[in-house]
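Note sheet for the following structure.
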Amino acid sequence: MKQVKNSSSNKILRIQRERLIQQLHHQGIKSSKVLEAMRTIPRHLFIDEALSAHAYANHALPIGYGQTISQPYIVARMTEALLSKGPLDTVLEVGTGCGYQTAILAQLVGKVYSVERMKRLSEKAHKRLNLLGINNVQLHHSDGRWGRTENAPYQGIIVTAAPPKIPNALLEQLALGGCLIIPVGDSNRQKLLKIIRNRLHHYEQHLLEEVKFVPLREGLS
């Protein structure tokens, strides 16, 4: 009886996931590769089981420790913007969180380096990624405001929490021609920016849209 119930539950989740993919397409996500990655990665594995009924709703959900898993549309939007110039070999993610955005990136880029200031979140993300057999990701417990110099420069950097201003360390770790996707602002108003490093000290900035993220905090926990 339990097996029948689980089979039925999995079917419902697959249907909900496919509906979400169609919704993202209607909202303007054009990249078939991004949509396929969203279809492939089971979002319900990255949240508490008590919230699994809401896993494929198009909004953010709490993951504990005052953090959230981003709205699927925002995950898709940021990923599509990051890859708008073509495939990338190396990407830095600032803010691993539950690991969902990490898993999406891992389907689309050569190598993902992801930093998270909260050790327990990083450990849980590590277990989830292992469960899914994702092996092109390196997770690190560190303060994301400083990026990760050890593997720089990066062709892409994606930030999943909002600093009041763009950290210089992240700009410096961006490769020439590289792309940084980052929300910037205070708790009342944030803008999602796309920044291209055209020359050594020249950056081209584009506004994608207004967003709402948790703040990018300093230090480790």
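The values are calculated or read from the model by the stated rules, or taken from the named source; none is laboratory data. Being a predicted model, the structure only gives us computed values, none of them experimental. With ideal geometry, Cβ positions are generated from the backbone for all residues, glycine too; neighbour counts draw on all protein chains shown.
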**Only one of Gln27, Gln22 that is among the polar types (S, T, N, Q), surrounded by fewer than 18 Cβ atoms within 10 Å (Cβ to Cβ) and in contact (Cβ under 8 Å) with a residue 40 or more places away in the chain** = Gln27
**Fill in**
By residue number, the members of region 144-164 that are charged (D, E, K, R) and at pLDDT 95 or above are Arg148, Glu150
**Request:** Among what's in region 199-219 and is exposed (fewer than 11 other Cβ atoms within 10 Å of the Cβ) and more than 15 Å from Val184 (Cβ to Cβ), pick the residue that is nearest to the chain's Cα centre (by Cα).
**Result:** Gly219
**Item:** Whichever residue in region 128-139 is surrounded by 17 or more Cβ atoms within 10 Å (Cβ to Cβ) and free of Cβ contacts under 8 Å to residues at least 60 places away in the same chain and, among such residues, is nearest to Ile69 (Cα to Cα)
**Value:** Leu129
**Request:** Go through (1) over 22 Å from Val214 (Cβ atoms); (2) in contact with a helix residue (DSSP H, G or I) (Cβ under 6 Å, 6 or more places away or on another chain); (3) among the hydrophobic types (A, V, I, L, M, F, W, C) and name the single condition Ile41 misses.
**Result:** (1)
**Message:** Quick check on this structure: which one of Glu218, Glu116 is in contact (Cβ under 8 Å) with a residue 24 or more places away in the chain, under 25 Å from Pro42 (Cα atoms) and not hydrophobic (A, V, I, L, M, F, W, C)?
**Reply:** Glu116
**Asked** So which pairs qualify, if the first residue must be in region 49-74 and buried (at least 18 other Cβ atoms within 10 Å of the Cβ), the second must be assigned to a helix (DSSP H, G or I) and of a type in the set (Ser, Thr, Tyr), the Cβ gap must be under 8 Å, and the two must be at least 6 apart or on different chains?
**Response** Ile69/Tyr100; Ser70/Tyr100
**Message:** Filter region 188-215 down to the residues that are over 17 Å from Ile74 (Cα atoms) and at pLDDT below 95 and list them by number.
**Reply:** Asn188, Asn198, Arg199, Leu200, His201, His202
**Asked** Is there a residue being outside any helix (DSSP H, G or I), out of contact with any His (no Cβ under 7 Å at 6 or more places or on another chain), modelled with pLDDT of 95 or more and aliphatic (A, V, I, L, M) anywhere in region 12-30?
**Response** yes
**Prompt:** If Gly86 passes every condition in (1) surrounded by 19 or more Cβ atoms within 10 Å (Cβ to Cβ); (2) closer than 26 Å to Ala175 by Cα but one, which one does it miss?
**Reply:** (1)
**Asked** From Ile195, Ile166, which residue is assigned to a loop (DSSP other than H, G, I, E, B), over 18 Å from Gln101 (Cα atoms) and of a type in the set (A, V, I, L, M, F, W, C)?
**Response** Ile166
